[in-house]
Structure formats: C-alpha cells, structure tokens
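**Q** Handing you this structure, nothing more for now.
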Amino acid sequence: MRRIRWFLAAIAAAAITCGAIAPAYGAALPAPAAGCMQQDAGDWRCVEVNGQLALNVRNGPGIGYQVIGTRPPGDRFEADYRQLQSTDGFNWVPVRYPGGEGWTITARLSPCESDYSAPDHEVVLNGVNQDGELDRFEIALIARSVVLLANVQGDYITSTGTGTITTPDGLIVTNAHVVEDAQLVGVALLNDINDPPDFRYLGEVIRFDADIDAALIAIRYDMDGNPLQAASLNLPYIPAAVNADEVFRGDDVYIFGYPGIGDDYLVVTIGSIVSVENGQVAGRRMPVWYRTDAELAPGNSGGLAVNGNGQFIGIPTFVRSEEETGGRLGGIRPAEVALMTVLGDEATSMAATFTTPTPAPPTPSLPLPPVNEEPVTISLENLRTDHGVIVEGLPGITFTLSFTITGWQALNATVYARLYYDNVQSIPLVNALAPEAYRDGNNVVAASYLITPCCEETIYEDVILFVPYEAFGFQQPGSYALKVKIEIVAQDKAWHRMLSWEYITYTRP
C-alpha cells in the first residue's frame with residue numbers, strides 16, 4: 001500500500017510541476033512548463049508508421065482532439081503501450097518523436113524491424129520485459145527465432161513444419177517427424193511478421209530420436225549449397241530457460257508456428273497448460289508431456305511454446321481428439337526433455353542458459369540432391385478421426401484422409417494407420433490374435449488401404465482406414481492412451497512419407 005501511495009503522489013507531483021492537466025474533450029493540449037523534463041516511466045517501444053498514408057498525431061486520445069502534426073509512412077518513433085486507451089472505436093497510445101509528442105491510433109503502428117546483428121539483439125528475450133504477458137512487440141521479437149522447415153529434394157522444397165533456433169550459430173530443435181527422411185532441410189526466416197518467411201539456409205539433421213520425437217538441425221549451407229561458417233551466422237535465438245518441473249497447470253502458454261505449411265504465414269495462439277504428465281527419462285522421473293487447450297494444427301509440430309515471460313518451455317507436438325467429449329487438447333514436449341534427448345550428456349544444464357557444443361565440421365560438403373528426378377510429394381489436405389463407427393457390425397475407429405500425391409503414377413503404394421502406446425518409448429500395440437486385416441507383418445495393430453495413382457498428380461478424397469476396437473486386444477477395463485502413425489509406403493519400399501501422428505484415448509468399459 002505504501003508503494004501505491006508513493007506512486008500516486010509522484011504522478012500528482014509530476015502533473016503539477018509539468019502542467020500536464022488532462023484537457024477537456026476537444027481542447028488543446030497545454031504546453032509543458034519551461035524546463036520540464038519528459039517522464040520516461042512507461043513501456044516505450046520503437047514503432048513505425050505502416051501503410052501508404054501519412055499518420056495524424058493528435059493532442060489527445062480521440063478523434064475530437066486537434067491534429068497537431070503528421071508522420072510519413074515508414075517513420076519511426078516511440079509509443080507507450082501501458083497508457084493505451086480505447087476511444088471512438090480505436091485504440092490510442094501516446095507517442096514521442098524529435099520535436100514533438102501526442103496521441104495516435106495503434107492500427108497504423110507496427111513494431112520496428114530490429115537489427116539482429118547487434119550483440120544485444122542476439123537473444124530475443126532481451127526485448128521481453130518479463131511481466132507475465134506478451135505484447136505485440138514481444139511476440140514480434142520472439143517470432144524471429146521461429147523458422148519454417150522444408151524437405152529439400154532437388155529443386156523442390158516441401159514445407160513440413162516448424163522449428164526454433166536455439167543458438168546464434170544455427171542449431172534448430174524440432175520434432176523428429178518434421179524432418180523424417182530429409183536429406184537437406186530448408187530453413188526460412190522472417191523479415192516481416194506479416195509476410196511469409198524467406199528460405200535462406202540449408203541444414204542437416206545431426207541428431208534424431210523418433211521415440212521422443214525430437215531432432216536437432218545444424219545450418220550448413222546457403223540456398224545455393226555454399227558452405228557457411230556457423231560462427232558467423234549470429235542468428236536471433238531463444239535459449240531453453242525453464243526446467244520441465246517449473247511449468248504448472250494454469251500457466252499461460254503462447255504457441256508459435258506455421259500450421260498451414262502451405263500458405264506459410266506465422267500463427268500465434270494463446271491458451272493454458274491444462275495438465276502436466278510425468279514419465280521416466282534417462283532414469284529420472286520428470287514431466288514428459290504438457291497438455292494445452294491452445295489451438296494447434298499439424299504444421300505447428302516442432303514449433304515454439306513459451307510462457308508469459310517469453311521463456312522457451314516446450315515443442316508443440318500433436319493434437320489429441322478426446323473420444324467422449326469431442327474436445328481437442330494439444331501435446332507439448334517439454335524443451336528440457338527434447339534437448340536432453342538430442343544432446344545427451346552435452347545437455348548438462350537447461351536452466352537460465354543453454355550452451356550447445358559447436359557441431360563438428362562436416363565431412364566433405366554434402367552435395368545437393370540431383371535436380372533431374374522429380375520427387376514423390378504428398379500434400380495432406382484433411383484428416384479426421386471418428387470414434388464408435390460401426391463397420392460390418394463391429395464398433396471401432398476410423399481415420400478419414402484427403403490428400404494429393406504427385407510423382408507416383410501407375411504404381412502401387414499403401415496407406416497405413418499403425419497404433420502405438422502414447423508413452424515415452426512409443427511401444428507398438430501388438431496383438432497377434434487380431435484379424436489379419438487389422439495387423440501388419442510384425443503383428444502391430446494397423447489398418448491399410450492400397451492405392452494406385454492414375455496420374456502425375458492424383459487427388460484422393462475420403463480414404464477411410466478402419467480398426468475395430470476388438471483388434472486392440474485389451475481385456476481389462478480402463479482408459480488407454482494411444483497414438484496412431486499415418487503414413488504412405490511405396491510397394492517397392494523406394495520411399496515412405498509420414499503424414500501425421502493422431503492421439504486418441506480408448507476406454508474399455
């Protein structure tokens with residue numbers, strides 16, 4: 001209470017000293033008293049005028065106040081978002097610039113493009129004020145460390161998911177399934193948060209763990225295949241700063257990623273941590289999953305989850321459909337777990353700072369894949385999971401897919417849905433007693449669908465994979481957490497493409 005009274009008294013004193021008395025609606029703003037210094041309290045941020053028109057600056061927060069000046073498109077100055085006010089259908093903030101100050105609308109202001117070549121901009125958290133809530137400027141800063149990843153095959157680049165830069169020399173953490181089978185990985189960085197990112201680098205997968213679903217990428221080349229010196233990259237990055245057991249139910253979470261992996265615009269969604277689930281990792285019992293109600297989509301895989309202070313807490317990994325309620329909860333792999341997996345003994349400390357060993361110099365430069373052979377590409381348009389479906393008198397679960405396959409004509413391939421336990425080890429669900437139609441050659445419970453594309457580009461709509469519940473083989477009542485790997489495999493085994501992980505809960509009464 002004492003601090004509040006002192007603060008109010010300070011404001012009152014400043015108002016009396018500087019003559020900063022709020023004007024009546026439409027009145028002119030009084031000039032500051034001679035010798036009065038401008039107060040620096042507040043959250044002043046660099047902004048620039050967006051659009052093609054000049055921006056009006058008024059002497060108060062509302063259209064009834066007098067226009068006292070204009071600022072040209074692209075002009076930069078400072079705005080204080082702690083004093084934001086909503087009036088006349090607009091949000092208004094005070095602004096200051098050389099030779100003047102006033103109020104203007106936030107819709108015409110964008111965060112300044114930061115110069116990340118400066119050392120104090122290397123860690124994007126340097127621009128986050130740690131107040132427990134991210135504003136638009138802090139989101140724009142953090143987004144600089146989030147990259148769009150793509151599978152590079154010759155001249156073809158197919159976006160596959162999201163990654164996060166964790167060191168200035170270009171180490172990127174993501175999900176294993178995002179870079180599965182990739183020879184080279186395209187890395188796209190943002191120039192403007194409102195534009196798609198630009199592909200600037202090629203990276204190699206240097207660590208890969210399918211069970212934890214984590215991978216580490218090292219940037220090696222520019223987009224022309226020329227080798228790069230990692231130490232010279234000086235990229236914007238976000239270190240792992242939170243231990244897995246420091247995240248709790250009810251914590252706010254911000255998800256950064258490219259859910260479209262097609263239109264390639266960065267999306268930020270906000271939600272809460274709704275559960276924390278323990279497991280065993282390297283002999284240590286610790287949180288291995290966070291569940292969140294924040295909106296996730298497949299392209300968010302491998303992306304960035306941060307708390308309200310902008311600290312890296314995890315990697316968005318999957319969306320689970322809840323059988324009875326139809327609700328969808330996303331799964332976040334704790335950053336500590338993912339990094340322990342891909343770095344092993346080198347990940348000696350996850351708190352406060354994250355120091356990554358410099359990757360060993362690559363053996364002779366990896367050549368770019370040949371450009372004279374068109375790769376097989378598959379674009380997944382839709383995937384729906386339905387519980388309790390009756391097929392030939394048997395209740396079960398269906399996975400309905402729509403996709404386009406290119407580059408595989410008049411040749412056979414098989415669409416699979418294979419079931420695993422949703423645990424750290426990703427143990428296959430094996431049942432040798434399941435009908436042959438519902439298990440693969442290793443007795444893993446599965447559904448399959450044979451396809452023979454007719455054309456250079458073939459569109460498949462509503463391909464249905466069905467697995468009856470009895471094929472699961474569960475005898476004891478209870479709830480079973482499962483995940484399903486959806487993939488397509490060429491009949492001659494020349495290629496396979498992992499399309500999605502789907503997470504389900506089966507309850508046996």
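**Q** Inspect all residues belonging to segment 241-249 and state whether any of them is assigned to a strand (DSSP E or B), open to solvent by 50 Å² or more (accessible area, probe 1.4 Å) and touching a strand residue (DSSP E or B) at 6+ places or on another chain (Cβ under 9 Å). So that I can check it myself, show each step before the final result.
**A** Here is the first cut: in segment 241-249, the ones assigned to a strand (DSSP E or B) are none.
No; the residues of segment 241-249 include none that is assigned to a strand (DSSP E or B), open to solvent by 50 Å² or more (accessible area, probe 1.4 Å) and touching a strand residue (DSSP E or B) at 6+ places or on another chain (Cβ under 9 Å).
**Q** I've got another one for you. Evaluate the following for Gly102: is it part of a loop (DSSP other than H, G, I, E, B), of a type outside the set (Val, Ile, Thr), at pLDDT 90 or above and open to solvent by less than 70 Å² (accessible area, probe 1.4 Å)? Break it down into steps so the answer makes sense when it comes.
**A** On the way: part of a loop (DSSP other than H, G, I, E, B): no; of a type outside the set (Val, Ile, Thr): yes; at pLDDT 90 or above: yes; open to solvent by less than 70 Å² (accessible area, probe 1.4 Å): yes.
It is false that Gly102 is part of a loop (DSSP other than H, G, I, E, B), of a type outside the set (Val, Ile, Thr), at pLDDT 90 or above and open to solvent by less than 70 Å² (accessible area, probe 1.4 Å).
**Q** Would you pick out the residues in segment 424-455 that are assigned to a strand (DSSP E or B) and within 24 Å of Thr317 (Cβ to Cβ)?
**A** Pro428, Val430, Val444, Val445, Ala446, Ala447
**Q** Mind checking whether some residue in segment 459-471 is under 16 Å from Tyr506 (Cα atoms), at pLDDT below 90 and surrounded by 15 or more Cβ atoms within 10 Å (Cβ to Cβ)? Give the derivation first.
**A** Step one: filter segment 459-471 for residues under 16 Å from Tyr506 (Cα atoms), giving 466-471.
Retained after the next criterion (residues that are at pLDDT below 90): none.
Within segment 459-471 (the criterion being under 16 Å from Tyr506 (Cα atoms), at pLDDT below 90 and surrounded by 15 or more Cβ atoms within 10 Å (Cβ to Cβ)), the answer is no, since none of the residues qualifies.
**Q** For Thr166, are the conditions met, namely being of a type in the set (Val, Ile, Thr), open to solvent by 10 Å² or more (accessible area, probe 1.4 Å) and at pLDDT 80 or above?
**A** no
**Q** Kindly evaluate Asp386 against the criterion of being open to solvent by less than 40 Å² (accessible area, probe 1.4 Å) and either modelled with pLDDT of 95 or more or acidic (Asp, Glu) (or both).
**A** For Asp386, the condition - open to solvent by less than 40 Å² (accessible area, probe 1.4 Å) and either modelled with pLDDT of 95 or more or acidic (Asp, Glu) (or both) - is not met.
**Q** I would also like to ask the following. Tally the residues that are in contact with a strand residue (DSSP E or B) (Cβ under 6 Å, 6 or more places away or on another chain), at pLDDT 85 or above and among the polar types (S, T, N, Q), restricting the search to segment 301-358.
**A** 1
**Q** Picking from Arg58, Arg108, which residue would you name as being surrounded by 13 or more Cβ atoms within 10 Å (Cβ to Cβ), in contact with a strand residue (DSSP E or B) (Cβ under 8 Å, 6 or more places away or on another chain) and closer than 28 Å to Asn191 by Cβ?
**A** Values: Arg58 fails: closer than 28 Å to Asn191 by Cβ.
Being surrounded by 13 or more Cβ atoms within 10 Å (Cβ to Cβ), in contact with a strand residue (DSSP E or B) (Cβ under 8 Å, 6 or more places away or on another chain) and closer than 28 Å to Asn191 by Cβ holds for just one of Arg58, Arg108, which is Arg108.
**Q** Also, quick follow-up: Looking only at segment 216-227, filter to residues that are in contact (Cβ under 8 Å) with a residue 40 or more places away in the chain and over 20 Å from Gln311 (Cα atoms); which one of those is nearest to the chain's Cα centre (by Cα)?
**A** Among residues in segment 216-227 that are in contact (Cβ under 8 Å) with a residue 40 or more places away in the chain and over 20 Å from Gln311 (Cα atoms), the one nearest to the chain's Cα centre (by Cα) is Ile217.
**Q** On the basis of being touching a Pro at 6+ places or on another chain (Cβ under 9 Å) and either under 27 Å from Arg333 (Cβ atoms) or modelled with pLDDT of 95 or more (or both), does Arg418 make the cut? Full working, then the answer.
**A** On the way: touching a Pro at 6+ places or on another chain (Cβ under 9 Å): yes; either under 27 Å from Arg333 (Cβ atoms) or modelled with pLDDT of 95 or more (or both): yes.
Considered against the rule, which asks whether it is touching a Pro at 6+ places or on another chain (Cβ under 9 Å) and either under 27 Å from Arg333 (Cβ atoms) or modelled with pLDDT of 95 or more (or both), Arg418 comes out as yes.
**Q** Can you find, within segment 182-194, the residue that is surrounded by the fewest Cβ atoms within 10 Å (Cβ to Cβ) among those that are modelled with pLDDT of 85 or more and over 16 Å from the mean Cα position of the chain (by Cα)?
**A** Gly186
**Q** Only one of these is surrounded by fewer than 19 Cβ atoms within 10 Å (Cβ to Cβ), closer than 24 Å to Glu277 by Cβ and touching a residue at least 40 places away in the same chain (Cβ under 8 Å): Ala490, Ala481. Name it.
**A** Ala481
**Q** Can I ask one more? Filter segment 143-163 down to the residues that are touching a helix residue (DSSP H, G or I) at 6+ places or on another chain (Cβ under 8 Å) and open to solvent by 10 Å² or more (accessible area, probe 1.4 Å), then identify the one that is modelled with the highest pLDDT.
**A** By that ranking, first place goes to Arg144.
The values are calculated or read from the model by the stated rules, or taken from the named source; none is laboratory data. Note that the structure is a prediction, hence the values are computed from the model and not measured. Glycine also receives a Cβ, built like all others from the backbone with ideal geometry; neighbour counts cover every protein chain displayed. What goes into the accessible areas is simple: the full protein's heavy atoms, side chains included, and nothing from ligands, DNA or RNA. Shrake-Rupley method; radii C 1.70, N 1.55, O 1.52, S 1.80 Å.
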